[in-house]
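Worksheet: the structure to be examined is printed underneath.
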Amino acid sequence: MSSRIAVFNDGVIQQLAAPADLYEEPQNAFVAQFTDENNRLLGNVVAINGTACKVELPAGHNVQALAVNIQAVSRRTLLSLPPERVKLKPAPGSLPNFFSAQVTELIYLGDHVRTRVSACGHDDFVVRLPKSDSVARVEPAAEIAFGWKTEHCRALDAP
């Protein structure tokens, strides 16, 4: 396995980085879509504040994200969020992004449970829960709270 990987699009390098960096820190929408597992949400930038931005999703939810590769306010953006960065049942007010969801599917995969929820206008939002974590004990159709930190959600150029 290589210590660095180049992701190409039409012969142009989009990002050259370690595998973990490609997954955790994609620099544009093409690289974010290259890694299959990340949650990808399209929305419009409504505010930029230094390294952070506020994005409105089509269903009306507002998301706080790291402004990585965005153009300006009122422009479309793709949000990229790794499923293991999403926390189920956080204490209210403990995370800047806090939503409710309905559990639609649980898939047990050895060391973790792949949990699909319907949230923020998306039926295929994925949360990866370690089996040792007590919040992994959720049931299909359950209403749950979930959230994530601003720095774990990357606002990128829209595809």
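We did not get these values from a lab; they are worked out from the coordinates using the rules stated. A quick note: this is a predicted structure, and the numbers were derived from the prediction, not measured. Every residue, glycine among them, receives a Cβ derived from its backbone with ideal geometry; neighbour counts consider all protein chains shown.
Taken as Cα centroids, region 1-60 and region 66-114 sit 14 Å apart, rounded to the nearest whole angstrom. Evaluating 6.51 cos²θ - 1.76 cosθ + 1.60 at θ = phi - 60° for every residue in region 140-145, the Karplus couplings come out as x, 6, 5, 8, 9, 9 Hz, glycine and proline recorded as x.
A Förster radius of 25 Å, combined with the Cβ-Cβ distance separating residue 105 from residue 62, puts the computed FRET efficiency at roughly 0.45. Ranking of 74, 80, 118 by neighbouring Cβ atoms within 10 Å, starting from the fewest: 74, 118, 80. Using the Cβ-Cβ distance between residue 94 and residue 72 with R0 = 35 Å, the FRET efficiency computed as 1/(1 + (r/R0)^6) comes to roughly 0.70.
Among 55-65, 23-33, the peptide with the highest mean count of other Cβ atoms within 10 Å heads the list, and the full ranking is 23-33, 55-65.
With a Förster radius of 22 Å applied to the C-beta separation of residue 84 and residue 12, the computed FRET efficiency comes to 0.15. Highest mean packing first, where packing is the average number of other Cβ atoms within 10 Å per residue, the peptides 142-154, 82-94 line up as 142-154, 82-94. Ordering 78, 109, 16 from the fewest to the most neighbouring beta carbons within 10 Å gives 109, 16, 78.
Considering all C-alpha pairs of region 47-148, those separated by over 23 Å amount to 29%.
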